[in-house]
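Peer 1: Dumping the structure here so I can ask a few things about it.
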């Protein structure tokens, strides 16, 4: 395909949630150069209709394609749920999403076969998780719960205390009644609230319930893909490929959060117009 | 200006918040035809930068101008705070916002001169309220508090119970310490949470504190403006001008909320692409 191992990896999300995937990518593939695009002018995606999400996702993907990325990591469950085929067809570069890796982690973790998924309304309406799980297991079943308020809570930094706790408690009620033994964080924003979610899941559903996010298995997928295709970048010694951050709005606010989230070595955040 | 009294009034907001203004407009001016546009594909506005908000507002306003509205009511505090001049200059039709009417209601209601304002981050960054209040009173002072999570709570319908109560409680803390005797609902979404806000304000700051929203005084402003310019539509008997609803995404969800909010006489909701 003529792709260059030294070209960067493109990663995008509606806002800052995708940084949870970037963090794992940097652990798994420290030599890779990463360009991250957060569509902060149009966040959130998950409350919007699939046609709108596809339009926004194409805008992000085309911008990253122009920067000659060797592959595109869709670090957003809503986009991974509704748009991966359209992106593959339109862009002619490899596109990797977060739904399949999350489903795989969930199927590996469940014992009873009842998998709870917290996700945005759009992701759940797409039925992407039940389909992904059905491809992996004939006996596992998905119980889906929309959890839309977790995105603004994460974006605003309300990740601890009574408010996120009560919101999470309400969202996991039906999962508890359904007797799930795995809860998938089906939105890349939700790992920012992982501690509260885990506490509530263990206290209300049971201490045996596993909370899985797709970031680690997505990073493993991307790594396997790059090595298979001989597209992995070779690091020189302990070289760090670095992260370039782009947003469509509010670069300063984003920079503060990203620095806190990814560590101190964050440069400027560039604002781009899609 | 060649404007036609039988032409409709254009009203827009980022989402469903502006319906609080439409409700008051219909009480004050029942014969007027109203076209309401909710930019649900890009909601929320209040967490975004002013250049982005101006771009979005121009898109909404141009669409309504094409439908030959006789005046534009900006039923969104964020847009009223950052974009009214741009809209007036670009569109060449009268533009009425919600900031000045809200400031006037607040100045009329305060005794001690300390006015609390709950609003979005963008509205507060614009300093539109302190400027509007300073034009009306030399002794009144604005204490501003960003309250960004109230928009997703209102959009998701979480308008009662413990979660909105705790969120409101945290947002009004500093207003209580500052000794305000008026709290302005400085975002058209916030009246959807009015009951919780009023309860908390009365319990935590004091039973004498007045909660004011700009919808009623905005409707009074629009009425005075139309009558002054001889642009008011004459009703025939008890005729109802009706409301036409447009959104940029998710028409079905919007329709349900709008019907609950404005009464049963809501027709279809049309989806438009800006």
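Peer 1: Would you point out which residue out of A:196, A:201 is surrounded by 21 or more Cβ atoms within 10 Å (Cβ to Cβ), within 22 Å of the chain's Cα centre (by Cα) and farther than 18 Å from residue A:151 by Cβ? If you could, list the steps in order and put the result at the bottom.
Peer 2: Working: A:196 fails: farther than 18 Å from residue A:151 by Cβ.
Within the list A:196, A:201, the selection yields A:201.
Peer 1: Moving on to the next point. Test each condition in (1) surrounded by fewer than 22 Cβ atoms within 10 Å (Cβ to Cβ); (2) under 21 Å from residue B:11 (Cβ atoms); (3) in contact with a helix residue (DSSP H, G or I) (Cβ under 9 Å, 6 or more places away or on another chain); (4) within 14 Å of chain A (Cβ to nearest Cβ) for residue B:216 and report the one that comes out false.
Peer 2: It is condition (4) that residue B:216 fails.
Peer 1: Looking at B:78, B:40, B:52 in this structure, which one is over 24 Å from residue B:193 (Cα atoms), modelled with pLDDT of 95 or more, buried (at least 21 other Cβ atoms within 10 Å of the Cβ) and within 14 Å of chain A (Cβ to nearest Cβ)? Don't jump to the end; show me each part of the working.
Peer 2: Working: B:78 fails: over 24 Å from residue B:193 (Cα atoms); B:40 fails: over 24 Å from residue B:193 (Cα atoms).
Just a single option satisfies the conditions, and that option is B:52.
Peer 1: Still on this model: Do the conditions hold for residue A:138, that is, is it surrounded by fewer than 23 Cβ atoms within 10 Å (Cβ to Cβ), within 28 Å of residue A:111 (Cα to Cα) and away from every other protein chain (no Cβ under 14 Å)? So that I can check it myself, show each step before the final result.
Peer 2: On the way: surrounded by fewer than 23 Cβ atoms within 10 Å (Cβ to Cβ): yes; within 28 Å of residue A:111 (Cα to Cα): yes; away from every other protein chain (no Cβ under 14 Å): yes.
Yes; evaluated as a whole, the condition is true for this residue.
Peer 1: Still on this structure: Hey, does the range B:172-187 have a residue that's within 28 Å of residue B:2 (Cα to Cα), buried (at least 20 other Cβ atoms within 10 Å of the Cβ) and touching a helix residue (DSSP H, G or I) at 6+ places or on another chain (Cβ under 9 Å)?
Peer 2: no
Condition check ((1) surrounded by fewer than 24 Cβ atoms within 10 Å (Cβ to Cβ); (2) within 14 Å of chain A (Cβ to nearest Cβ); (3) closer than 25 Å to residue B:145 by Cβ) across all residues:
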{"residue": "B:7", "(1), (2), (3)": "yes, no, no"}
{"residue": "B:17", "(1), (2), (3)": "no, no, yes"}
{"residue": "B:22", "(1), (2), (3)": "no, no, no"}
{"residue": "B:29", "(1), (2), (3)": "yes, no, no"}
{"residue": "B:45", "(1), (2), (3)": "no, yes, yes"}
{"residue": "B:98", "(1), (2), (3)": "no, no, yes"}
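Peer 1: Select from the range A:254-269 the residues that are without any contact (Cβ under 8 Å) to a residue 40 or more places away in the chain and either within 14 Å of another protein chain (Cβ to nearest Cβ) or under 18 Å from residue A:10 (Cβ atoms) (or both) and list them in ascending order. Reasoning before the result, please.
Peer 2: Kept after step one, since they are without any contact (Cβ under 8 Å) to a residue 40 or more places away in the chain, are these residues of the range A:254-269: A:255-256, A:259-260, A:263-269.
If the condition is that a residue be without any contact (Cβ under 8 Å) to a residue 40 or more places away in the chain and either within 14 Å of another protein chain (Cβ to nearest Cβ) or under 18 Å from residue A:10 (Cβ atoms) (or both), then A:255, A:256, A:266, A:267, A:269 are the ones that fit.
Peer 1: Kindly check whether there is at least one residue in the range B:142-152 that is within 14 Å of chain A (Cβ to nearest Cβ), over 22 Å from the mean Cα position of the chain (by Cα) and modelled with pLDDT of 95 or more.
Peer 2: No, the conditions are met nowhere in the range B:142-152.
Peer 1: For the range B:118-131, give me the residue count where each residue is surrounded by 22 or more Cβ atoms within 10 Å (Cβ to Cβ) and more than 12 Å from every other protein chain (Cβ to nearest Cβ). Please lay out each step first, then the result.
Peer 2: In the first step, residues of the range B:118-131 are kept if they are surrounded by 22 or more Cβ atoms within 10 Å (Cβ to Cβ); the result is B:118-120, B:122-124, B:128-129.
Still in the list and also more than 12 Å from every other protein chain (Cβ to nearest Cβ): B:118-119, B:123-124, B:128-129.
The total comes to 6.
Peer 1: Of all residues in the range B:55-75, which are at the interface with chain A (Cβ under 10 Å from one of its Cβ atoms) and either in contact with a strand residue (DSSP E or B) (Cβ under 6 Å, 6 or more places away or on another chain) or crowded, with 21+ Cβ neighbours inside 10 Å (or both)?
Peer 2: First, the residues of the range B:55-75 that are at the interface with chain A (Cβ under 10 Å from one of its Cβ atoms): B:55-56.
The answer is B:56, and nothing else.
Peer 1: Next up: Would you mind stating whether residue B:224 is in a loop (DSSP other than H, G, I, E, B), within 22 Å of the chain's Cα centre (by Cα) and over 30 Å from residue A:47 (Cβ atoms)?
Peer 2: On the way: in a loop (DSSP other than H, G, I, E, B): no; within 22 Å of the chain's Cα centre (by Cα): yes; over 30 Å from residue A:47 (Cβ atoms): yes.
Judged against the criteria, residue B:224 is not a match.
Peer 1: Would it be correct to say that residue A:34 is surrounded by fewer than 24 Cβ atoms within 10 Å (Cβ to Cβ) and free of Cβ contacts under 8 Å to residues at least 40 places away in the same chain? Working first, answer last.
Peer 2: Values: surrounded by fewer than 24 Cβ atoms within 10 Å (Cβ to Cβ): yes; free of Cβ contacts under 8 Å to residues at least 40 places away in the same chain: no.
When the stated conditions are applied, residue A:34 does not pass them.
Peer 1: Please verify whether residue A:168 is buried (at least 21 other Cβ atoms within 10 Å of the Cβ), over 17 Å from residue A:214 (Cβ atoms), within 14 Å of chain B (Cβ to nearest Cβ) and in contact with a helix residue (DSSP H, G or I) (Cβ under 7 Å, 6 or more places away or on another chain), treating the condition exactly as stated.
Peer 2: On the way: buried (at least 21 other Cβ atoms within 10 Å of the Cβ): yes; over 17 Å from residue A:214 (Cβ atoms): yes; within 14 Å of chain B (Cβ to nearest Cβ): yes; in contact with a helix residue (DSSP H, G or I) (Cβ under 7 Å, 6 or more places away or on another chain): yes.
When the stated conditions are applied, residue A:168 passes them.
Peer 1: On to the next question. Being modelled with pLDDT under 95 and more than 11 Å from residue B:102 (Cβ to Cβ) is the filter here, so list the residues in the range B:192-219 that pass it.
Peer 2: Within the range B:192-219, the first condition is being modelled with pLDDT under 95, and the residues that meet it are B:192, B:213-217.
Selection gives B:192 alone.
The values are calculated or read from the model by the stated rules, or taken from the named source; none is laboratory data. Fair warning: this is a prediction, and the values are worked out from it, not measured in the lab. Note: ideal-geometry Cβ built from the backbone for every residue, glycine included; neighbour counts use all protein chains shown.
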